[in-house]
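Okay, structure first, notes after.
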Amino acid sequence: MQLVIISGKGGTGKTTVAASFAYLSENSIKVDCDVDASNLHIILGGDDIEKKPYIGAKLAHIDSDKCIKCGACEKVCRFGAIKDFRIEPLKCEGCGACKVVCPSEAIRLEDEITGDTIITQTKRGLLSRAEMVIGAEGSGKLVTQVRKTAMQHKKEDEWVMMDGTPGIGCAVMASITGCDAALIVVEPTQSGINDFERVHSLTKQFGIKAFVCINKYDINETIVFEIEKLCQREGIEVLGKIPFDPCVKTAVNDFRPIVSYEESKAGKEIINIWNAFKNKYKEEDIK
Amino acid sequence: MKIAVLSGKGGTGKTTVSTNIATVMNWNYVDCDVEEPNGFIFLKPEVKKTEYVKIPVPKIDEEKCIRCNKCADVCQFNALAGTKTGIIFFDKLCHGCGACTMVCPVGAITEEGRKIGKIDIGNTESIKCMRGLLDIGEPMAPPIIKRLKALVDEETTIIDCSPGSSCSVVAAIEGVDVAILVTEATPFGLHDLKIAVELVRQMNIPFGIVLNRADEEHDLITRYCEEEKIALVGKIPYAKKAAVLYSEGKLLIEDEEYNKMFKGIGERILGVKACS
């Protein structure tokens, strides 16, 4: 069973829900797919037990001794990454078109490390995550690698619990592909509903079963109603509505999952959502 | 002058800061968060023109192709694969670099545009607005962002970026005069802010920080700014009325207090530029 928690819009509470699910499901391996701004390890804590560099891209290099300064490479580069016979690493996509046209074989493509994949031992099991090199190409490929690393460490009967990324682009596509279910965390705002519709179209395109939970539902109950209507039309089950709770911020500042606060009303609802979800995917569904 | 608004962490208030300051300062607005653009919800501009964004992809003439596989060998993105019956093209992996066209010895490859998204251009009563929109199921945002940037003129413009620190953010902030990093006072906010700070420092862009949903009790961001000697150009306190206005898709500057606050932040942004 592979579950991914996504949102479309950033900051709707993905990690709050993911950290809670990670805490509640001891029999799971955790994955943080948000490789350019990972946060799950901040709450789960623990020690890194494995760290490996990942080669996720290529980068062109110009050998200045061989370069005859003809400018052919600069003309052919469609990414504006060559200027004055030098490569601008943040713009180079590693396509190698420059290498093809170079008459003096001065250009070579070199492997580029785009991040480190990390396995962290937390109190609630293993967490697979990454630290992306800032500004790197191909964050989607790094996400795929983080998921592969998780599968290498996953025990047979464990579930895979994934914190996804915001947006709908390559990193999100790499996060959701092949998952059994996606829990979409939606906030009741005009932006939230707009982004939810876009990310839901994506899960539909990928054929992934989607569920919804509405976070901070008491901010705007008119929009909650709109979201519920939309879900009904699309056949998506709303697993729960989490109230606004100042304790959520306290929990983040204390580095604790919200479900560990017995008095928290948001925590209580997340426990209900987890139980509802767990009951849907009993053992026979475990892959 | 171009001003980029970015954040590292998602949902910290980039679009709130961008749209409110753009309106109050009369600066143009460009939404480069092409995966989930939301600025138009608040600005409600009249869209006057839409253009499609296409990337050049190879088209192989089966009759001319001699199955030499040179195109597949040169492609660094595995977008072309040689089989016995011919070359197979995987369109979503293609970056549109043109290397395949260059290496084909028989001129069997021509290029055609493949649509990956669109750009809407319009204006409100006072400012020009643009946004990019990536098609659902398309992985690559940077070509749309680069096209948007090419359309920005010399007037002062706010560029609303996507969260994170990947190639999309690099494309959005490349060449801007000043960057504003929006964050919130939580360990998540601080962690992701540090990544954004490293990015703008690497790219030598002068920058300042706006703290959203400020909270005097947990003021780890102000402390960080003092330690790092970074200009804190604005503090927006958490207020229920702001959350409600935002949820309804309204600008906060409808409220007098916020109007003054965003004007102040806009003026201090100009100061960040002047100091650099």
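If R₀ is 22 angstrom, what is the calculated FRET efficiency for the pair B:GLU62 and B:GLU111, using the beta carbon separation as r and rounding to 0.05?
The formula returns an efficiency of 0.85 here.
Enter the mean projected area of the convex hull around the alpha-carbon atoms of segment A:237-287, in nm², rounded to one decimal.
It is 4.5 nm².
Can you give the FRET efficiency for B:VAL47 and B:GLU154, using 1/(1 + (r/R0)^6), R0 = 25 Å, r = Cβ-Cβ distance, to the nearest 0.05?
0.65
Going by Cα centres, segment B:240-267 and segment B:186-231 are how many Å apart?
21
So how long is each side of segment B:98-176 along the principal axes, counting just the alpha-carbon atoms, biggest first, in Å?
Sorted largest first, the three principal extents are 54, 28, 28 Å.
Compare each residue of segment A:140-170 in its chain alone against the assembly with all protein chains, and report those whose accessible area goes down by 50 Å² or more; 1.4 Å probe, heavy atoms.
With the partner chains in place, segment A:140-170 has these residues losing at least 50 Å²: A:ILE168.
Would you mind computing Rg(Cα) / (2.2 N^0.38 Å) for chain B, counting N as its residues?
Taking N as the residue count of chain B, the ratio is 1.17.
Inverting the mean 1/r over all pairs of different Cα atoms, compute the Kirkwood radius of segment A:62-121 and quote it in Å.
Answer for segment A:62-121: a Kirkwood hydrodynamic radius of 12.6 Å.
Over segment B:92-234, with the other protein chains present, what is the accessible area per residue in square angstrom, probe 1.4 angstrom?
I get 36 Å² per residue for segment B:92-234.
Students often forget the sequence filter, so: which aspartates and glutamates lie under 18 Å Cα-Cα from A:LYS30 once same-chain residues fewer than 8 apart are removed?
Leaving aside aspartates and glutamates fewer than 8 places away in the same chain, those within reach of A:LYS30 are A:ASP47, A:ASP48, A:GLU50, A:ASP116, A:GLU131, A:GLU156, A:ASP157, A:GLU158, A:ASP163, A:ASP180.
Based on the Cβ-Cβ distance of B:GLU267 and A:LYS280, what FRET efficiency does E = 1/(1 + (r/R0)^6) give at R0 = 51 Å, to the nearest 0.05?
That pair, B:GLU267 with A:LYS280, gives E of 0.45.
How many Å² of accessible area per residue for segment A:37-166, probe 1.4 Å?
Value for segment A:37-166: 48 Å² per residue.
Quick one: check the C-alpha center-to-center distance for segment B:50-74 versus segment B:22-39, whole angstrom.
Segment B:50-74 and segment B:22-39 have Cα centres separated by 35 Å.
Is it possible to state the helix-based mean residue ellipticity at 222 nm for chain A, with each DSSP H run of 4+ residues giving -39500 (n - 2.57), the sum divided by total residues, to the nearest 500 deg cm²/dmol? What is it?
Value at 222 nm, helices only: -10500 deg cm²/dmol.
Under unit Cβ charges (Lys, Arg +1; Asp, Glu -1), what dipole magnitude, rounded to 20 debye, does segment A:113-257 have relative to its Cα centre?
The dipole magnitude comes to about 360 debye.
Take A:PHE225, project a point 7 Å from its Cα along the Cβ direction, then tell me which residues of segment A:170-194 have their backbone nitrogen under 20 Å from it.
A:186-194
Compute the acute angle (0 to 90°) between the alpha-carbon long axis of helix A:139-153 and the principal axis of greatest extent of the alpha-carbon atoms of chain A; round to the nearest 10°.
The two axes meet at around 60 degrees.
Quick one: divide the alpha-carbon radius of gyration of segment A:102-238 by 2.2 N^0.38 Å and tell me what you get.
It is 1.33.
Report the equivalent ellipsoid semi-axes for segment A:212-273 in whole Å, largest first, defined as the square roots of five times the eigenvalues of the gyration tensor built from alpha carbon atoms.
One finds semi-axes of 25, 12, 8 Å for segment A:212-273.
In degrees, nearest 10, range 0 to 90: what is the angle between the Cα axis of helix B:14-25 and the longest Cα principal axis of chain B?
That works out to roughly 70 degrees.
How large, in Å, is segment B:116-245 by the Kirkwood hydrodynamic radius built from its alpha-carbon pairs?
Across segment B:116-245, the inverse of the average 1/r is 16.5 Å.
For segment A:19-77, what does the equivalent ellipsoid look like in terms of its semi-axes, each the square root of 5 times an eigenvalue of the Cα gyration tensor, given largest first in whole Å?
46, 13, 9
So, with a 1.4 angstrom probe, what is the percent of accessible area on segment B:190-275 that is carbon and sulfur?
After summing per-atom areas, the C and S share lands at 51 percent.
Would you tally the net charge around A:PRO246, using a Cβ to Cβ cut-off of less than 13 Å, leaving A:PRO246 out, and scoring K and R as +1, D and E as -1?
Once positives and negatives cancel, what remains is -1.
Give me the accessible area buried between chains B and A, both sides summed, with a 1.4 Å probe, in Å² rounded to the nearest 100.
4700
What are the principal axis extents of the Cα atoms in chain A, in Å, biggest first?
70, 41, 38
At 7 Å along the Cα-to-beta-carbon direction for both A:ILE113 and A:SER201, put a label point, then send me their distance in nm to one decimal.
4.0
Where does the Debye-calculated log10 I(q)/I(0) of the protein assembly as shown sit at q = 0.08, 0.12 Å⁻¹, using only Cα point scatterers of equal weight, no solvent?
These q points yield log10 I(q)/I(0) values of -0.53, -1.21.
Would you calculate, for chain B, the mean residue ellipticity at 222 nm contributed by helices, counting each DSSP H stretch of 4 or more residues as -39,500 (n - 2.57) and dividing by all residues, to the nearest 500?
Computed mean residue ellipticity for chain B: -10000 deg cm²/dmol.
Averaged over all directions, how much area does the convex hull of the C-alpha atoms of segment A:1-141 cover when projected, in nm²?
10.7
Exceeding 28 Å between C-alpha atoms, which entries from my cross-link table qualify? They are A:LYS9/A:LYS268; A:LYS52/A:LYS155; A:LYS154/A:LYS265; B:LYS9/B:LYS229.
A:LYS154/A:LYS265
Calculate how steeply helix B:142-151 sits against the longest principal axis of the alpha-carbon atoms of chain B, using the helix alpha-carbon long axis, and give the answer as 0 to 90 degrees to the nearest 10.
70
The values are calculated or read from the model by the stated rules, or taken from the named source; none is laboratory data. All values derive from a computational prediction rather than experimental measurement. Every residue, glycine as well, gets a Cβ built from its backbone with ideal geometry; the counts of neighbours run over all protein chains shown. All accessible areas refer to the heavy atoms of the entire protein, side chains included, with ligands and DNA or RNA removed. Shrake-Rupley method; radii C 1.70, N 1.55, O 1.52, S 1.80 Å.
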